[in-house]
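Okay, so here's the structure we're looking at.
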Amino acid sequence: MTHNMDEGYSHMHLKILLPFKIYAEIKDVRSLVVETTDGQYGYLPHRLDCVAIVVPGILFYKSDSQGSVYLATDEGVLRKTGKNVYLSVRDVIGGVELGELYKKIESEFLTLDEQEKEYKRTIALLESNFIKKYAESTIKE
C-alpha cells in the first residue's frame, strides 16, 4: 500500500496588500516564510491563527502553480486566519533574482526608513522652533 504524503494537505490563500491595491492573490500556497521583528517565521496551512509584524526582508512562498517565489517586502503586518493569510506591506518588489532582492531591500526600503526618520526629526525641530517663537511673542505682548 502506498501512502500519498499530500493526502489531506491543504493550501493557504495568500493575499499581498499594498496601501492602494492588491499586489497578488495566490490560492495554492503550501508554505511561506517571512521576516518578522522576532526573526524568520514559517507558516503552514495547519498553523494556528496569528499576527506578526513584518520587517523589510525576503518573503518566500511555495505554491503549486508558481513553484518557489521570492519577493522583497517592506515593513507591514501579516495576519493568518484559518487558511487565509493577509500580508499588508508598504511596498513589494518581485521579478528579480534573489541576490538582487537583497540589494533592493538595502537601497530602497532601509534607505527610505532613514529618510523618514530624518524627515520626522526635521518636522519635530520646526514644530519646536515654531512653538518656542510663538511662546516668546505671546509673553512680550
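The values are calculated or read from the model by the stated rules, or taken from the named source; none is laboratory data. As the structure is a computational prediction, the values presented were derived from the model and not from experiment. Cβ placement follows ideal geometry from the backbone for every residue including glycine, while neighbour counts extend to all protein chains displayed. Note: accessible area is taken over every heavy atom of the protein model, side chains too, but ligands, DNA and RNA are not part of it. Shrake-Rupley method; radii C 1.70, N 1.55, O 1.52, S 1.80 Å.
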Criterion violated by Gln66 - all others in (1) in contact with a strand residue (DSSP E or B) (Cβ under 6 Å, 6 or more places away or on another chain); (2) surrounded by 12 or more Cβ atoms within 10 Å (Cβ to Cβ); (3) of a type in the set (S, T, N, Q) satisfied
(1)
What are the residue pairs meeting all of these: first residue in the stretch 20-38, first residue more than 15 Å from Lys80 (Cβ to Cβ), second residue exposed (fewer than 14 other Cβ atoms within 10 Å of the Cβ), Cβ atoms under 8 Å, and 6 or more apart or on different chains?
Asp28/Asp64; Asp28/Ser65; Thr37/Ile53
Please go through the stretch 91-136 and pick out each residue that is of a type in the set (Ser, Thr, Tyr) and either at pLDDT 70 or above or within 17 Å of the chain's Cα centre (by Cα) (or both).
Tyr102, Ser107, Thr111, Thr122, Ser128
Going by what's in this entry, would Arg79 be described as open to solvent by 60 Å² or more (accessible area, probe 1.4 Å), among the basic types (Lys, Arg) and modelled with pLDDT under 90?
no
Read through the list (1) modelled with pLDDT of 90 or more; (2) under 20 Å from Ser107 (Cα atoms); (3) among the acidic types (Asp, Glu), then give the number of the only condition that Glu25 fails.
(2)
I'm told Tyr41 meets every condition in (1) at pLDDT below 90; (2) more than 17 Å from Lys15 (Cβ to Cβ); (3) surrounded by 15 or more Cβ atoms within 10 Å (Cβ to Cβ) except one. Can you identify the failing condition by its number?
(1)
